[in-house]
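Everything on this sheet refers to the single structure shown next.
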Amino acid sequence: MKTETQTPLDAPTGRIDDTKLNAFLNRAMSDLAAGYTGVMVSLGRQLGLYEAMAGAGPLSSHEVAARGGCAERYVREWLNSQVAASYLTYHPSSQTYELSPEHALVLADKDSPAYVAPAWEVPASMWIDQPKSLEAFRTGEGVSWAEHDGRLYCGVAAFYRNGYRKQLVPEWLPALDGVVERLTAGARVADIGCGYGLSTVLMAKAFPRSRFHGYDPHEASIAEARRHAGESGVAERTRFTVGTAKMITERDFDLICFFDCLHDLGDPVGAAIAARQALAEDGTVLVVEPFARDHMEDNINTISTLYYSASTTLCCAHSLSEEVGLALGAQAGESRLCAVFQEAGFTRFRTAMETPVNLILEARP
């Protein structure tokens, strides 16, 4: 008698743990709702609705619409979506909506270290670029940074900006041996993969006696970095060049920085070798990388979910678009990063400090 192969979906109900099924289904629906909420956050940010509500106390939908210059019916539905997501508080007796001071720091205050509203531009670009990701999966080819939708660049810059502003000068640099003293006295610094130049400008503003040179292969980002340096009043102490770590021709840098970019490089060992050659004899390399432990089983959490996902379509994809294509990934961990610098000839490597989202690493020749 002919029998049909049974698939998991055909399995008798008794073989399915309904509690586990429902728990995971709820999790999946929660993640789906988070994606929808991200669209609402992006709308609220770009329309200025969060800023309109910040510090204003309870407001009616008409008041929020008037403050934001928007149509009330759209605003009311948007407000309801934000209440359902627990982003806003609803007061039934007055039919008003309120943005709490704590939530305002995350959604409305552009200078807050907790401000993440623009970060939703990153997954937006990932969706837009999905055809490129599908092709990359099927062929094994890479997708370079420059090939992505423009929303990626501003989203990444906004995601990192305030965290760097809060931590780079006050915390990360002091964690390195003797680096602050050298910067204060006057040092030469290279910022590899500088992007929009946010890290370069922060250091230049803090250490007026030092000189800074930013490198990035993305021409549009370098143009933005030059503009940012000019607006910040540090153009005379900064230079920005379209290029990679392996294209550095200058020598005797006291500090060379890789901010959240080493894992993106096709040849991180080659970049580390170039950094060693460009470094002064007693110089320091600062490597800031996404926080990760060395083993997959120790990286099962929300931050790793974010980083592994971004790494799949952005970080590994860019690395695979370049020569060597090592594709370290955004969750490489300290041991793999240490191995890169050991292979490049560095003799000292340590974790200077950790944050919930970053590893701050120091390498010396």
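Please determine whether any residue of region 294-310 is at pLDDT 95 or above, more than 15 Å from the chain's Cα centre (by Cα) and of a type in the set (Gly, Ala, Ser).
no
Restricting to region 243-259, what's the tally of residues that are within 23 Å of the chain's Cα centre (by Cα) and modelled with pLDDT of 95 or more?
5
Out of region 215-243, which residues are among the polar types (S, T, N, Q) and either without any contact (Cβ under 8 Å) to a residue 60 or more places away in the chain or touching a Ser or Thr at 6+ places or on another chain (Cβ under 7 Å) (or both)? Steps first, please.
Within region 215-243, the first condition is being among the polar types (S, T, N, Q), and the residues that meet it are 221, 232, 238, 241.
Answer for region 215-243, where residues must be among the polar types (S, T, N, Q) and either without any contact (Cβ under 8 Å) to a residue 60 or more places away in the chain or touching a Ser or Thr at 6+ places or on another chain (Cβ under 7 Å) (or both): Ser232, Thr238, Thr241.
Tell me, please, whether a residue that is under 26 Å from Val169 (Cα atoms), in contact with a strand residue (DSSP E or B) (Cβ under 9 Å, 6 or more places away or on another chain) and touching a residue at least 60 places away in the same chain (Cβ under 8 Å) can be found in region 297-304. First the steps, then the outcome.
Keep residues of region 297-304 that are under 26 Å from Val169 (Cα atoms), which gives 303-304.
Remaining after also requiring in contact with a strand residue (DSSP E or B) (Cβ under 9 Å, 6 or more places away or on another chain): 303-304.
Next cut, touching a residue at least 60 places away in the same chain (Cβ under 8 Å) only: none.
Scanning region 297-304 turns up no residue that is under 26 Å from Val169 (Cα atoms), in contact with a strand residue (DSSP E or B) (Cβ under 9 Å, 6 or more places away or on another chain) and touching a residue at least 60 places away in the same chain (Cβ under 8 Å).
Name the residues in region 39-77 that are within 18 Å of Lys110 (Cβ to Cβ), assigned to a helix (DSSP H, G or I) and not basic (Lys, Arg), would you? Before the answer, list the steps.
Keep residues of region 39-77 that are within 18 Å of Lys110 (Cβ to Cβ), which gives 41-56, 67-68.
Checking the rest, the ones that are also assigned to a helix (DSSP H, G or I) come to 41-47, 49-53, 67-68.
Within region 39-77, Val41, Ser42, Leu43, Gly44, Gln46, Leu47, Leu49, Tyr50, Glu51, Ala52, Met53, Gly68 meet the criteria.
Can you name the residue in region 78-115 that is open to solvent by 60 Å² or more (accessible area, probe 1.4 Å) and in a helix (DSSP H, G or I) and is also farthest from Leu32 (Cα to Cα) among such residues?
So, considering only residues that are open to solvent by 60 Å² or more (accessible area, probe 1.4 Å) and in a helix (DSSP H, G or I), the one farthest from Leu32 (Cα to Cα) is Pro101.
Hey, among Ala124, Ala117, Ala136, which residue is among the aliphatic types (A, V, I, L, M), farther than 20 Å from Gln46 by Cβ and in contact (Cβ under 8 Å) with a residue 60 or more places away in the chain? Lay out the reasoning, then the answer.
Working: Ala124 fails: farther than 20 Å from Gln46 by Cβ; Ala117 fails: farther than 20 Å from Gln46 by Cβ.
Every option except Ala136 fails the conditions.
May I ask you to say which residue of Cys316, Cys338 is hydrophobic (A, V, I, L, M, F, W, C) and closer than 30 Å to Arg251 by Cβ?
Cys338
Filter the strands (runs of 3 or more DSSP E) completely within region 185-300 down to those with at least 3 residues that are within 27 Å of Ser311 (Cα to Cα) and touching a Phe, Trp or Tyr at 6+ places or on another chain (Cβ under 7 Å).
Details: elements: 188-192, 211-216, 238-242, 253-259, 279-290.
Filter on region 185-300 gives 188-192, 279-290.
Which of the following residues is farther than 15 Å from Asp254 by Cα and open to solvent by 10 Å² or more (accessible area, probe 1.4 Å): Ser321, Ser304, Ser311?
Within the list Ser321, Ser304, Ser311, the selection yields Ser321.
How many residues does region 48-77 hold that are of a type in the set (A, V, I, L, M, F, W, C) and either modelled with pLDDT under 95 or open to solvent by 60 Å² or more (accessible area, probe 1.4 Å) (or both)?
So the count comes out to 1.
So that you can scan it fast, the table gives a plain yes or no per residue for (1) among the aliphatic types (A, V, I, L, M); (2) in contact with a helix residue (DSSP H, G or I) (Cβ under 7 Å, 6 or more places away or on another chain); (3) closer than 29 Å to Arg336 by Cβ:
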{"site": "Asp216", "(1), (2), (3)": "no, yes, yes"}
{"site": "Gly243", "(1), (2), (3)": "no, no, yes"}
{"site": "Leu255", "(1), (2), (3)": "yes, yes, yes"}
{"site": "Val269", "(1), (2), (3)": "yes, yes, yes"}
{"site": "Gln277", "(1), (2), (3)": "no, no, yes"}
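So, in region 25-47, of the ones that are under 23 Å from the mean Cα position of the chain (by Cα) and of a type in the set (Gly, Ala, Ser), which residue ends up most open to solvent (accessible area, probe 1.4 Å)?
Ser30
Right, Asp177: under 30 Å from Ala280 (Cβ atoms) and either open to solvent by 70 Å² or more (accessible area, probe 1.4 Å) or outside any helix (DSSP H, G or I) (or both) or not?
yes
Please verify whether Ala158 is in contact (Cβ under 8 Å) with a residue 12 or more places away in the chain and either surrounded by 21 or more Cβ atoms within 10 Å (Cβ to Cβ) or of a type outside the set (A, V, I, L, M) (or both), treating the condition exactly as stated.
In short, yes.
Tally time: how many residues in region 187-238 are open to solvent by 20 Å² or more (accessible area, probe 1.4 Å), under 30 Å from Asp282 (Cβ atoms) and among the hydrophobic types (A, V, I, L, M, F, W, C)?
So the answer is 4.
The values are calculated or read from the model by the stated rules, or taken from the named source; none is laboratory data. Computed from a predicted model, the values in this text were never measured in an experiment. All Cβ positions, even for glycine, are placed from backbone atoms using ideal geometry, and neighbour counts span all protein chains on display. Please note that ligands, DNA and RNA were not included when accessible areas were found on the heavy atoms of the full protein model with its side chains. Shrake-Rupley method; radii C 1.70, N 1.55, O 1.52, S 1.80 Å.
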